[in-house]
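Below you'll find the structure, written out as structure tokens, and then a few comments.
Readers should treat all values here as calculations from the given coordinates under stated rules, not as data from a laboratory. Treat the numbers as computed from the prediction; the structure is a model and nothing was measured. A quick note on method: Cβ atoms are made from the backbone with ideal geometry, for glycine too, and the neighbour counts reach across all protein chains shown.
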Amino acid sequence: MILSSSSYVAEAPSQSADEKEAYRTESQGKTFTESQAFSQSEIVRLLQGDDDDWLFAAAARVNRQAFNRQVYLRGIVEFSNFCRNNCHYCGLRAANRKVERYRLTSEQILSAVALIAESGMGTVVLQSGDDFTYKADIIARLIRQIKSRYQLAVTLSLGDRHHDELALWREAGADRYLLKMETFDRELFAASRSGTASRPDANSRTGADYDERLARLKRIQQLGYQTGSGVITDLPGMTDEILARDLLTLTWMQLDMLACGPFVAHQQTPLHQSPNGDVLKSHRVSAILRLMNPDANIPATSSLDAIQPGARLQGLTRGCNVVMPSFTPQQVYASYNIYPGKNSASDTLQARLSALKQQISHLGLVASNARGDALRNPYVPRY
């Protein structure tokens, strides 16, 4: 049975003022052993800045306990910027004729993966738009080659692929799959993703289907992937009440990865005149999710830096524990332009990595090359 957004969301029990204050007092001197429950109304107040000092300090404390100051580094290879969807917020939307499209060959992808392995990182993330030119057997072959050559966890972020493809890739050795909903509000989802447009590729379509995407997330979990999803904060049309329900839904789903970042307006999309999201609110979201999901992996996204330089690093002190530097080849690096500022750095790969590790160290944290499997659910690798 496919569940609606409202079927997923159940408001957590509300705490009294005395209970909340007792929790805060206790948290000052003790480690956290359980997740923190918030009601929708409590989340709304936190999103609006009801108690930032407590929220960020508590999230940082949970991070230290769960991950021992480690920040997991994941090398990402964005191997295609073709996409059959026309999401209104994304610079890679099918109707955007101004973006310079590219597809990497299997050899180019494997060369980038080799750099990730040489760097010592424990995870490779293979990401693309919804590009069905890469057939299921091509991706499965890539996964097998990576697994046979390196001790790497493989994360896939390839969009709405068919259930049999997802099963094939899991059997080939893929460990994780990230499929963001962007919002669990049905009406806002439809408004953000639907619409017709001219098509640059034969595989193009008008938009994603809410029920299909939600069912796909459940199927990914059933296949044994470490599963991730997330939302865009301040997506045009989103209210704090919608966002609070989204955070409750993400928590209810018991996901292993939670990816949340602010909306960034792209000039070549229908939402180009909308204001950028609030970085501080995005940090509040990460902190709230950390308290509700102490053992999940939460990346600090590049969209934070696109709005406010340095905000991604600051996110590591406010609930996030993962950073994903791009290993996409330099000749197409800037063309994965989901939003302005994405992959905009002009430094060499090695210079970017060195600077990132130093910045993490300056925060009193440790840049870790470990696989960094999520702690919340037992995980059995295929290989």
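Here are the numbers:
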{"read-out": "Principal-axis tilt of helix 240-252 within the chain, Cα atoms, nearest 10 degrees", "value": "80"}
{"read-out": "Hypothetical label at D51: residues of segment 308-322 whose amide nitrogen lies under 20 Å (7 Å Cα-Cβ projection)", "value": "318-320"}
{"read-out": "Among A374, Q48, V62 the positive-end extreme of the charge dipole of the chain (Cβ point charges)", "value": "A374"}
{"read-out": "Rounded FRET efficiency, nearest 0.05, which uses the C-beta distance separating Q145 from V380 and R0 of 22 Å", "value": "0.50"}
{"read-out": "Over 28 Å between alpha carbons, listed pairs K147/K218; K98/K281; K98/K180", "value": "K98/K281"}
{"read-out": "Most to least packed among 125-136, 43-54, 213-224 [average Cβ atoms within 10 Å]", "value": "125-136, 213-224, 43-54"}
{"read-out": "Distance histogram in 5 Å bins (all Cα pairs of segment 235-330, percent per bin)", "value": "3, 13, 22, 22, 20, 13, 5, 1, 0"}
{"read-out": "GNM result for the chain, Cα springs below 10 Å: residue of A334, A208, A355 fluctuating most strongly", "value": "A355"}
{"read-out": "Charge dipole magnitude, Cβ of K and R +1, D and E -1 - segment 214-271, Cα centre, debye nearest 20", "value": "340"}
{"read-out": "Label-to-label distance, nm, for residues given as S39 and T348 (7 Å Cα→Cβ offset)", "value": "5.8"}
{"read-out": "Estimated inter-spin distance, Q308 and S119, nm [label 7 Å along Cα→Cβ]", "value": "2.6"}
{"read-out": "Dimensionless Rg ratio for segment 38-368, taking C-alpha atoms and the 2.2 N^0.38 Å reference", "value": "0.93"}
{"read-out": "Gain upon complete extension [I138, D211; 0.36 nm per residue less C-alpha separation]", "value": "23.5 nm"}
